[in-house]
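Read through the structure below, which is laid out as structure tokens, and then see the notes.
The values are calculated or read from the model by the stated rules, or taken from the named source; none is laboratory data. Remember, predicted model here, so these are calculated numbers, not experimental data. Here Cβ is always computed from backbone atoms with ideal geometry, including for glycine, and neighbour counts include all displayed protein chains. Areas reflect the complete protein model, heavy atoms only, side chains present, ligands, DNA and RNA absent. Shrake-Rupley method; radii C 1.70, N 1.55, O 1.52, S 1.80 Å.
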Amino acid sequence: MKNIVLFGPPGAGKGTQADVLKETYQLIHLSTGDMFRYNMKNNTELGKLAKTYTEKGHLVPDTVTNEMLKDEVTRQLEKSPNGFIFDGYPRTKDQAEVLTAFLAEKGTEIAAMVALEVDDEVLVGRLLERGKSSGRADDANETVIRERIAEYYRKTDILKEYYQAENKYYGVDGVGSVKEITHRLSDVIDTL
Ligand code: AMP
């Protein structure tokens, strides 16, 4: 199995690239953001809880997120996939540790963290633009967008060091056309 963490701040292009890469490498795309949005749309208990965090631009607590992610991986493993693209997870050190231990239990591991690098002001511009059509409440408000980016620096950015320590970190320039960026990511993934 080839498991990849597609990493980067909000608006870096993780979802867009994951949609392309999952086809190329026949991987299962797992987005915790999508899982929360599905639950919010269907007004489940998990969705109601998640909304109180996402609407402020804050991360949902680790225990909730980890359980949701593990349930989904377990369900998807029954299909004997080639591997996973993790998009938007892990986002804290606790999540990274849980993921490492959980995958080890399943006899697999993360092959690489591939990070899309994009300047903050470019991110804000992209997210405001996306907000015009995404229907996402957290894309519609600049204060919430900036809080999501701040949350990334508070809790998530340090994960680079976590994967660097395992020699699994690869940074890629996340500015350019979708195609150019896909090429840069594929160049890394092909070496794994
Ligand atoms: P995203 O679509 O990845 O930008 O996620 C949207 C929102 O869902 C985030 O701002 C968080 O509130 C929540 N979320 C998504 N993934 C995670 C995660 N791994 N840990 C905690 N909260 C998350």
Review point. Just for segment 83-98: of the residues that are open to solvent by 30 Å² or more (accessible area, probe 1.4 Å) and without any contact (Cβ under 8 Å) to a residue 40 or more places away in the chain, which one is farthest from LYS160 (Cα to Cα)?
Key: VAL98
Practice item. For residues that are more than 29 Å from VAL175 (Cα to Cα) and touching a Phe, Trp or Tyr at 6+ places or on another chain (Cβ under 9 Å), tally how many sit in segment 78-99. Key: 1
Review point. In segment 148-157, which residues are assigned to a helix (DSSP H, G or I), open to solvent by 20 Å² or more (accessible area, probe 1.4 Å) and more than 9 Å from the ligand (Cβ to nearest atom)?
Key: ALA150, TYR153, ARG154
**Study point:** Any chance THR54 is crowded, with 16+ Cβ neighbours inside 10 Å, among the polar types (S, T, N, Q), under 22 Å from LYS160 (Cβ atoms) and out of contact with any Cys (no Cβ under 8 Å at 6 or more places or on another chain)
**Key:** no
Point to revise | Matching residues, segment 158-192, being open to solvent by less than 60 Å² (accessible area, probe 1.4 Å) and without any contact (Cβ under 8 Å) to a residue 40 or more places away in the chain | key: GLY176, SER177
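Is it true that some residue in segment 129-146 is assigned to a helix (DSSP H, G or I), within 29 Å of THR191 (Cβ to Cβ), over 13 Å from the mean Cα position of the chain (by Cα) and modelled with pLDDT of 95 or more?
The answer is no; no qualifying residue exists.
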Check your understanding: Of the residues that sit in segment 59-82 and are out of contact with any Ser or Thr (no Cβ under 8 Å at 6 or more places or on another chain), open to solvent by less than 70 Å² (accessible area, probe 1.4 Å) and assigned to a loop (DSSP other than H, G, I, E, B), which one is farthest from ASP138 (Cα to Cα)?
Key -> PRO81
**Study point:** Meets criteria (of a type in the set (A, V, I, L, M) and over 18 Å from the mean Cα position of the chain (by Cα)) for VAL178
**Key:** no
Point to revise | Single unsatisfied condition, LEU127 versus (1) open to solvent by 20 Å² or more (accessible area, probe 1.4 Å); (2) under 11 Å from GLY11 (Cβ atoms) | key: (1)
Practice item. Filter segment 24-73 for residues that are away from the ligand (no atom under 11 Å from the Cβ) and either within 14 Å of the chain's Cα centre (by Cα) or touching a residue at least 24 places away in the same chain (Cβ under 8 Å) (or both) and give the result. Key: THR24, TYR25, GLN26, LEU27, ILE28, HIS29, LYS70, GLU72, VAL73
